[in-house]
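Below is one structure, written out as structure tokens; comments come after it.
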Amino acid sequence: MPDWLSPDEWRAVALSLRVSLWATVLSLPLGILVAFALARRQFWGKQVLNGLVHLPLILPPVVTGYLLLLTFGRKGFVGQYLDMMGVVLAFQWTGAVLAAAVMAFPLMVRAIRLSVEAVDAKVEQAASTLGAAPPWVFATVTLPLILPGIIVGAVLAFAKAMGEFGATITFVANIPGQTQTLPSAIYAFLQVPGGDPQAFRLVLVSIFVAMAALVLSEWASKAVARRISGA
Amino acid sequence: MTVQVSLQHAFDAFALDVAFEVPAGVTALFGPSGAGKSSVIKAVAGLMRPDRGVIRAGDQVLLDTDKGINLPPHRRRIGCVFQDDRLFPHLTVCQNLSYGRWFSPDKGGVSFDQVVAMLGIAPLLARRPQTLSGGERQRVAIGRALLSNPQILAMDEPLAALDEGRKAEILPYLEHLRDQTQIPILYVSHSVSEITRLAGTVVVLGKGRVLKAGPVAEVFSDPNLSPWLGGVREAGSVITATVAAQEDDGLTCLHTSAGPLWLPRVDAAIGAALRVRIAAQDVMLAVQRPEGISALNILPATVVALRMGDGPGAMVQLRLGEDLLLARITRRSAVHLGLAVGSPVFAVLKSVAVAPGDIGAPLITP
């Protein structure tokens, strides 16, 4: 634990990293699936799905957080059944994961969808004529070709999750050590007199993490793209 | 193994209704753009589902719409080579070549080393497709299809996107392929010269229908088909010959069933079998053996069929020993000479009229 951060500050940073990582990892498979559906398939209700995915991007975050509370709160229409199974999301760090995942989802899907649309379906057809069944075509041709898009989508989602504030504070509140993420902590420090130095340290951490994520994703997607293009 | 194809499909612009067989060797699907050639290849490969149809490869049913059988592409074992190479951009040449091998149920057939040697791609193995020239990419695509151990090779205009130089570079490899493997090859093209060099059987498609199917020599010398075979200027016939002698003045003497044929130097060993394409417009006809003429080749022939064109031209099909020859003359000459089916004539051919590209490597008939 670095001593230039107080335990509370450190907990906020650690929690944010954990929440963002889980939010990214858990939503990635669904993100890929939805990106494929939107890029490749024609189905009834496609525009509805597209709208739903993008809703968190355009709604005020506090509205998304409130809708999450209505849905996944202990009395919510999904939450009450989860509660029976002993799963509680509201006011828990797992709820923060859900809020972050929902808010980051449109960014992830958009990035992956673009890369799926860029894949030449004729190359996939060629793979099938060479004897590859559809799951193998996906694993050996499609997935490697969309990897840059997946990396970009995942990093964008991670960065968005790190910065998510409105929906998180509405759905899981701002409990130090439990649901107090980095932005919530900055907000809390700014609410008390003399909290500016702490807030500023966390702002620096926030900038550092965001920049690191961005540089890492640029480097990774370039490395993968170079492998694909053979340049 | 013989492949049987029978397909019906209604497209927006035309209706496809074809039935033909693909025996061993190269079977060319020939016809103008929009004749339905590529659709047939797609249907055979399983990339398109026709309204109705039956496709059989030997005993195996690949498609039978009446019985509800439609094998997916990956279970048909049809090695496809497309006009665009469709190589995997994220894999090296070596990995591209091995891709189909990995999914192939039996690892028999040609070996990796054989294919690499036959196509001359050993120096390319470590490279990526983006760094290859068009001709190199197409050779890799052919190798990749071949190494998937297919029961049929389906090639959709594999040379159409290449310039003349690259075409000339790949044609010999395709000839090797034809002669060194037992795989039936379905070859789509609209180039008469490619088909003349490669194919044993031709299926001529026009507006979604089979106009004629049969051995190349027979189909290409059919005067009634010449408007479909790329127009009268492209019309020509294929005769078989063996190299009899290489002569001192730069000529090669070929032995044909109708007599000797002298052509500019052909690089082939004495005794080698060749196929020579002779353009209809390069053949003159005479009713008596001409004397004092520069043309070296004067061969006795019999008129088999005569087709008067709509314009000033006429197409004459001749029997030349065991071969068929096509001559394009004017209607006026046909009338003037009194040509009719059965007329004995002499076919006159200038030696220099036959270009090197019209002479194919030895054809081993299966």
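The values are calculated or read from the model by the stated rules, or taken from the named source; none is laboratory data. Just so it is clear, the model here is predicted, and its values are computed rather than measured. We place every Cβ from the backbone using ideal geometry, glycine too, and count neighbours over all the protein chains shown. Each accessible area value is taken on the protein alone, full model and side chains, heavy atoms only, with ligands, DNA and RNA left out. Shrake-Rupley method; radii C 1.70, N 1.55, O 1.52, S 1.80 Å.
Within the set B:127, B:166, the sole residue that is in contact (Cβ under 8 Å) with a residue 24 or more places away in the chain and assigned to a loop (DSSP other than H, G, I, E, B) turns out to be B:127.
Is one or more of the residues making up segment A:198-221 in a loop (DSSP other than H, G, I, E, B) and of a type outside the set (A, V, I, L, M)? For segment A:198-221, residues in a loop (DSSP other than H, G, I, E, B) and of a type outside the set (A, V, I, L, M): absent. Of the residues in segment B:111-120, none is within 11 Å of chain A (Cβ to nearest Cβ) and polar (S, T, N, Q). A Cβ distance below 7 Å, combined with a sequence gap of six or more or placement on separate chains, defines the contacts here; from segment B:80-99, residues that are within 9 Å of chain A (Cβ to nearest Cβ) and more than 17 Å from residue B:112 (Cα to Cα) reach residues that are of a type in the set (D, E, K, R) and open to solvent by less than 30 Å² (accessible area, probe 1.4 Å) in the pairs B:82/B:156.
Quickly run through segment B:141-156 and pick out the residues that are part of a helix (DSSP H, G or I) and either open to solvent by 10 Å² or more (accessible area, probe 1.4 Å) or within 12 Å of chain A (Cβ to nearest Cβ) (or both). B:141, B:143, B:144, B:145, B:146, B:147, listed by residue number.
A single member of A:199, A:223 is open to solvent by less than 90 Å² (accessible area, probe 1.4 Å), aliphatic (A, V, I, L, M) and over 30 Å from residue B:132 (Cα atoms), and it is A:199. Kindly indicate the residue of segment A:47-96 that is among the β-branched types (Val, Ile, Thr) and surrounded by 18 or more Cβ atoms within 10 Å (Cβ to Cβ) and also farthest from residue A:180 (Cα to Cα) among those meeting that condition. Filtering segment A:47-96 for residues that are among the β-branched types (Val, Ile, Thr) and surrounded by 18 or more Cβ atoms within 10 Å (Cβ to Cβ), the one farthest from residue A:180 (Cα to Cα) comes out as A:53. Would you check if residue B:334 is under 21 Å from residue B:289 (Cβ atoms), in a helix (DSSP H, G or I), at pLDDT 85 or above and open to solvent by less than 70 Å² (accessible area, probe 1.4 Å)? Criteria met by residue B:334.
Note on segment B:130-139: among residues that are within 12 Å of chain A (Cβ to nearest Cβ) and either assigned to a loop (DSSP other than H, G, I, E, B) or β-branched (Val, Ile, Thr) (or both), the one that is farthest from residue B:159 (Cα to Cα) is B:131.
Once segment B:69-79 is narrowed to residues that are open to solvent by 30 Å² or more (accessible area, probe 1.4 Å) and in contact with a helix residue (DSSP H, G or I) (Cβ under 8 Å, 6 or more places away or on another chain), the residue that is farthest from the other protein chains (Cβ to nearest Cβ) is B:72. Restricting to segment B:204-221, count the residues that are buried (at least 24 other Cβ atoms within 10 Å of the Cβ) and over 24 Å from residue B:164 (Cα atoms). Residues that pass the stated criteria total 3. Taken together, B:310, B:249 contain a single residue that is closer than 17 Å to residue B:225 by Cβ and open to solvent by 60 Å² or more (accessible area, probe 1.4 Å), which is B:310. The number of residues in segment A:116-143 being within 14 Å of another protein chain (Cβ to nearest Cβ), open to solvent by less than 30 Å² (accessible area, probe 1.4 Å) and assigned to a helix (DSSP H, G or I) comes to 9. Restricted to segment B:199-291, the set of strands (runs of 3 or more DSSP E) holding at least 2 residues that are in the same structural domain as residue B:20 (by TED's automatic domain parsing) and farther than 23 Å from residue B:322 by Cα comprises B:201-206, B:209-215.
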